[in-house]
Amino acid sequence: MALVIPIFIPHEGCPHRCLFCNQHRISGQAESPAPDAEEVGATIRAWLERARPVRRAQVEVAFYGGSFTCLPLARQAELLAAVRPFRQRGLVHAIRLSTRPDAIDAERLDLLARHQVSIVELGAQSCDDEVLRRSGRGHDAAAIAAACALIRERGMGLGLQLMLGLPGETFRSLRHTADTAIRLQPDFVRIYPALVLRGSGLERLYHRGVYRPLSLVRAVAWAGYLKKRFDDRGIKVVRMGLQTSAELTRALVAGPHHPAFGELVMARLMFNRARGLLAGVQDADPVALVIAAQDQSIFRGPGSSNLRRLRQLGLLGRFVLRTDPAQPRQTVRLVPEAAPAAP
């Protein structure tokens, strides 16, 4: 697993304040000033010193929390140049950054290429124009497609960040976002449910009764829909849900946050797969469901909820559970189970 060294630049450079956004709260950097080149270098050295040798085999510096390419070009160059000595010595192997789709153009990408940026993550959030408009994004879906094309032309890795439950989003618009994102062919996707944070525009709408966030159940279902769509097309989903922090906990007003949001989604998908496989199995047919050993907790679900649901459907007694070291993670297959020998 790669060692990812995070450098947070909350809100710096971003000309917009989207309704959902309070990056200081999300990143936990509310009281910290923006880093300079010296601090970037010090952060990298500290992480490398603490890391085990095996983790230092693949090291990535990631600029998170802001819209990196909205910064003045000189400021971008200052931050990226701080990473150069570590790249030259082979101590850092990749650089990634996150930014807005409407802050990508040839000049900015020229700068990123000169500093050997490997991956650009676009905060797309949605590919539906009405959802983008109502969220105050300041760009449309065409800007997302154009930015993806430019990044691809430069040979850089492409990531998309999508947000569930923004104002005006329906399941129909979510399907449209999934269809569009798949056509854009990102290398990976991150999926976050929209949360109501103190100091955000959504908080004002929430208290006025104008905005209602998704329930946790619906957010998990929608995230599961997206993950299945992306899995089926070979697009990696590298994260689902925001990482819990003390700052996020204090700032959270409402919304479907859960410390194990991704596990809830994977458990739901595993349940759906198992239920589908067992639907055609007769009680008299001995069968086994085979999963990866690491997926046993996901198969059972939080608090064994999946097992309870299978029992309620009359399916729990139709199989035995087996593990196979060769079984891919987050998959399940059905195989015949040898009948017990007669005495």
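Note on Thr323/Thr249: beta-carbon distance plugged into 1/(1 + (r/R0)^6) with R0 of 30 Å gives a FRET efficiency of 0.25.
Each Cα pair of the range 201-262 feeds into the Kirkwood radius, which the Stokes-Einstein equation turns, at 25 °C and 0.890 mPa s, into a diffusion coefficient of 185 µm²/s. The residues packed around Gly314, meaning those with a beta-carbon under 13 Å from its beta-carbon, carry a net charge of +4 if Lys and Arg are +1 and Asp and Glu are -1.
Angle, helix 216-232 long axis vs. longest principal axis of the chain, Cα atoms, 0 to 90°, nearest 10? For helix 216-232, the angle is close to 90 degrees.
Distance between the 7 Å Cα→Cβ label points at Glu38 and Arg239: 2.9 nm. The 3J(HN,Hα) values that the Karplus relation (6.51, -1.76, 1.60; θ = phi - 60°) gives for the range 91-100 are, in residue order, 8, 10, 10, 7, 10, 10, 8, 10, 7, 8 Hz. Gly and Pro appear as x. Charges were assigned to the Cβ only: +1 to each Lys and Arg, -1 to each Asp and Glu. The resulting dipole of the chain about its Cα centre is roughly 760 debye. Computed from the Cα positions only, the extents of the chain along the three principal axes stand at 80, 53, 38 Å, in decreasing order.
Charge tally for Arg134 (other residues, Cβ to Cβ under 13 Å; Lys, Arg +1; Asp, Glu -1): -3. Roughly how many percent of the accessible protein surface of the range 258-339 is carbon and sulfur, given a 1.4 Å probe and a whole-percent answer? Roughly 52 percent, rounded to a whole number. A simple spin-label model places pseudo-atoms 7 Å from Cα toward Cβ; at Ala145 and Ala293 they are separated by 4.8 nm. Each helix, a run of at least 4 DSSP H residues, gives -39500 (n - 2.57); summed and divided by the residues of the chain, these come to -11500 deg cm²/dmol at 222 nm.
Sorted from greatest to least, the principal axis extents spanned by the alpha carbons of the range 106-206 come out as 44, 30, 20 Å. Remark: C-alpha extents of the range 184-343 on the principal axes read 71, 35, 27 Å, sorted largest to smallest. What the range 174-290 shows is 48 Å² of accessible area per residue, with the surface traced by a 1.4 Å probe over protein heavy atoms. Go through Gln282, Pro259, Val335 and say which Cα lies farthest out towards the positive end of the charge dipole of the chain; charges sit on Cβ, +1 for Lys and Arg, -1 for Asp and Glu. The residue sitting farthest along the positive end of the dipole is Gln282. Comparing Glu153, Glu39, Glu247 in a Gaussian network model of the chain (Cα springs below 10 Å), the most mobile by mean-square fluctuation is Glu153. Grab the beta carbon distance between Ala51 and Ala260, set R0 = 30 Å, and tell me the FRET efficiency rounded to 0.05. The pair Ala51/Ala260 has a calculated efficiency of 0.75.
Rg and Dmax, both from the Cα atoms of the range 248-301 and both in Å, are 16.2, 54. If R0 is 30 Å, the Cβ-Cβ spacing of Ala279 and Arg175 corresponds to a FRET efficiency of close to 0.75.
Can you check what the net charge comes to around Gly234, using other residues whose Cβ is under 13 Å from the Cβ of Gly234 (Lys, Arg +1; Asp, Glu -1)?
Once positives and negatives cancel, what remains is +2.
Once the Cα-Cα distance is subtracted from the 0.36 nm per residue extended length, the Arg208 to Glu130 segment shows a gain of 26.0 nm.
The values are calculated or read from the model by the stated rules, or taken from the named source; none is laboratory data. What you are looking at is a predicted structure, and each value in this text was computed from that prediction instead of being measured. Positions of Cβ are generated from backbone atoms using ideal geometry, with glycine treated the same way; all protein chains shown enter the neighbour counts. When the accessible area is computed, the model is the full protein with side chains, heavy atoms only, and any ligands, DNA or RNA have been set aside. Shrake-Rupley method; radii C 1.70, N 1.55, O 1.52, S 1.80 Å.
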